[in-house]
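Q: A single structure is presented below for examination.
Where a number appears in this text, it was derived from the coordinates with a stated rule and is not lab data. What you are looking at is a predicted structure, and each value in this text was computed from that prediction instead of being measured. All Cβ positions, even for glycine, are placed from backbone atoms using ideal geometry, and neighbour counts span all protein chains on display.
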Amino acid sequence: MDARTRRRYRRRLLDELGKNGKLLGRLRQSVSDRGKESATSGVFASHLAERANDEYERESDTVLADAQGRQVHEIEEALRRIEEGIFGVCEACGADIEKRRLEVIPSARFCLRCQERHERHLRN
């Protein structure tokens, strides 16, 4: 991969990192706010269903924050690979990751074949 292409992916990944980082911050703040609300809702909640709904929303935000955190980590790792000069190389087989794949998922770690194997392994 030439230097110009790496710079283009780097800019794109930095843009995604900014967007994902902001979203992650909002999700974490929401989880924190809902935790504070639930601590006081025991006194004010008039109905068990209302408390259950609050807990469900807090758990949903926590799951989303965890997933967003993983996405941020993947982007940071892709940026590290750019700096190390190994961006676009499959971590499993060492082949170049298909350009079409990197256009869709610039933080991709595996070529399509190895990604499919990785996902099958995770399912089993």
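Q: What is the local net charge at residue 82, summed over the other residues whose Cβ is closer than 9 Å to its Cβ (Lys, Arg +1; Asp, Glu -1)?
A: Value of the local net charge: +3.
Q: Picking from 51, 80, 26, which is most flexible by a Gaussian network model of the chain using Cα springs under 10 Å?
A: 51
Q: Then there's this: Can you tell me the orientation of helix 48-84 relative to the chain, as the angle in degrees between its alpha-carbon axis and the longest Cα principal axis, to the nearest 10?
A: So the helix axis and the longest Cα principal axis differ by about 20 degrees.
Q: Compute the long axis of helix 3-44 from its Cα atoms, compare it with the longest principal axis of the Cα atoms of the chain, and write down the angle in degrees, 0 to 90, nearest 10.
A: So the inclination is approximately 10 degrees.
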